[in-house]
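Report on one structure; see the data block that follows.
The values are calculated or read from the model by the stated rules, or taken from the named source; none is laboratory data. The structure displayed is predicted, hence computed values, not measured ones. All Cβ positions, glycine included, derive from the backbone under ideal geometry; neighbour counts span all protein chains shown.
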Amino acid sequence: MPKVFINGREFEVAPGATVLQAALANGIYVPHFCFHPHLPISGCCRMCLVDIEGMPKQQIACATTVAEGMKVQTETPAVIKSRQIVMEFTLKNHPLDCPICDKAGECTLQDFYMRFDGQPSRLSLEDGKVHKSKALIMGPTLMLDQERCILCDRCNRFMCEVARDECITFAQRNDRAVITAFPGREVNNPYSLCLTDVCPVGAWTARDFRFRKRVWFLKPMPSICPSCARGCNIFIDQADRVVYRIWPRRNDQVNRSWACDAGRMAYHALNDRRLTQPLVKKGGVLAPATWEEAMATAAKILKPGAGKLGTAISASAACEEGAAAMKLASALGAAIPALLAGQPGDEDEILIRADKNANRAGLEKLGLRGDPAAAVGKAEAVLLLEALPIHDLELLGKAAVVLSPTHTKAVDQALVALPAAAYSETSGTYVNFQGLEQKFQPVMPPKGQARPALEILKDLAQRLGKRIE
């Protein structure tokens, strides 16, 4: 492995690594706009200029491959001056939109100005700036502000190399250059919202999130996306127990730096149509009840000898919930719970899997399988644990106890509906289609009176005189 000296410190780096990659891997930050670890190198922003011994001019660190014994300096007066020059050039025509820009608070351009520039503008108001189009609708999910774009080419490379949808390009030249769609095209593919991540400024913004919340009020918490069998690593951004967006968390083994639009938009289910209090059917109508009343009624429905019991559990439930459901079913003399799975959907070679269940692999490994419709059809009483609102199971008028985070068709048919915490409000383990175990933790407290499904199952077992520890 070649050795390189950066700011006088010696490092061994992987063959073929660039100076920028070597520096970042060893805790030396070199500013950059156009470089992205999961995109082809462009080398167009010039922000990562460094001094290399033996080379007559400064080199861009992102496109310079490390050679044995190379000596690099990233903080010389000449390098610092070059950064300021690049920043001044980049900011020359940039609009003063920070107070109204959704990227404010997480903008790379803002951060770099404060850290590496901090110089007042030499451009007077009379000189004027080049004005470009603003608030252009570029498709169902995106809006583009051409005036804010710093022409880093990240969006072009993402669409071409990752999403494989060549729908945007550069047009015009010099300081009139803009990002635009090809004639008659728009950005409309399953990964369109990744442009809001790769864009280092506020040029690409999400129409769904636009003007909804300042990012410094949001609390980003790590989690796992349950929208398909991929198990993408994500951040869930919430404030005051309301989820405002989902965005990707880097994991080179699972999803790199990406997340599909469907997984991002799934945050709405964490806010909308939530089941927040126990319900008990009285006179044919579900009515609010206390936890004590609901659990007592559920125990009467499920008690041994009350009738043949059928059980089913969502294929998006956590492994821990599946194991508890199996133990409870066994203790009550019922068959192994059937696996309640959503219908297959679209699939691609990037991230999206046809299996829209987060944990089918993990639950099948536990031994859960079978047809939920058959399990319900043969039963007199039913215990059903839902995790996501992607199922459409008919309970056929059975005496049903349903655990669910949301109001669903099954909840409407239940005799007792118990509010279960959503995946963002509890902990557990998913196993993705690759067999990779991934744990997740609560992002926020359960909504209303909801409780973790595992806790509800243990409480039910105790009321029925069983233990499922």
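Points worth noting:
- Residues of segment 107-132 satisfying the condition of being at pLDDT 95 or above and surrounded by 15 or more Cβ atoms within 10 Å (Cβ to Cβ): CYS107, THR108, LEU109, GLN110, PHE112, TYR113, LYS132
- Among the residues of segment 121-163, just one is more than 23 Å from PRO99 (Cα to Cα) and free of Cβ contacts under 8 Å to residues at least 12 places away in the same chain, namely CYS160.
- Residues of segment 231-252 that are closer than 17 Å to LYS447 by Cβ, touching a residue at least 60 places away in the same chain (Cβ under 8 Å) and crowded, with 16+ Cβ neighbours inside 10 Å: ILE236, GLN238, VAL243.
- Selection count where residues are surrounded by 13 or more Cβ atoms within 10 Å (Cβ to Cβ), assigned to a strand (DSSP E or B) and without any contact (Cβ under 8 Å) to a residue 24 or more places away in the chain, scope segment 4-33: 1
- When residues in segment 374-394 are screened for being farther than 15 Å from ILE456 by Cβ, modelled with pLDDT of 90 or more and in contact with a Leu (Cβ under 8 Å, 6 or more places away or on another chain), 4 of them pass.
- Residue match in segment 177-191 (condition: at pLDDT 95 or above and under 27 Å from GLU364 (Cβ atoms)): yes
- 1 or more residues over 26 Å from GLY448 (Cα atoms) and either modelled with pLDDT of 95 or more or small (Gly, Ala, Ser) (or both): qualifying strands (runs of 3 or more DSSP E) within segment 252-368: 309-314, 338-340
- Boolean, LYS129 is part of a loop (DSSP other than H, G, I, E, B) and closer than 23 Å to CYS48 by Cα: no
- Segment 191-230, residues that are surrounded by 24 or more Cβ atoms within 10 Å (Cβ to Cβ), within 19 Å of ASN271 (Cβ to Cβ) and either out of contact with any helix residue (DSSP H, G or I) (no Cβ under 7 Å at 6 or more places or on another chain) or not aliphatic (A, V, I, L, M) (or both): ILE224, CYS225, PRO226, SER227
- The residues of segment 385-403 that are touching a Lys or Arg at 6+ places or on another chain (Cβ under 7 Å) and without any contact (Cβ under 8 Å) to a residue 24 or more places away in the chain amount to a single one, ASP392.
- Some residue of segment 438-449 being in contact (Cβ under 8 Å) with a residue 24 or more places away in the chain, of a type in the set (S, T, N, Q) and farther than 30 Å from LEU351 by Cα: yes
- Leading residue by the ranking (farthest from THR141 (Cα to Cα)) among those in segment 263-275 that are buried (at least 18 other Cβ atoms within 10 Å of the Cβ) and not charged (D, E, K, R): LEU275
- For segment 298-334, the candidate set comprises residues that are hydrophobic (A, V, I, L, M, F, W, C) and more than 36 Å from the chain's Cα centre (by Cα); within that set, the residue that is surrounded by the most Cβ atoms within 10 Å (Cβ to Cβ) is LEU302.
- Any hit, segment 423-439, residues being assigned by TED's automatic domain parsing to the domain that holds ALA296, crowded, with 21+ Cβ neighbours inside 10 Å and either more than 19 Å from the chain's Cα centre (by Cα) or small (Gly, Ala, Ser) (or both): yes
- Counted residues, segment 140-170 - those being under 28 Å from LEU91 (Cβ atoms) and assigned to a loop (DSSP other than H, G, I, E, B): 9
- Subset tally (residues that are of a type outside the set (S, T, N, Q) and buried (at least 17 other Cβ atoms within 10 Å of the Cβ)) for segment 45-65: 11
- Residue match in segment 376-398 (condition: assigned to a helix (DSSP H, G or I), basic (Lys, Arg) and more than 25 Å from the chain's Cα centre (by Cα)): no
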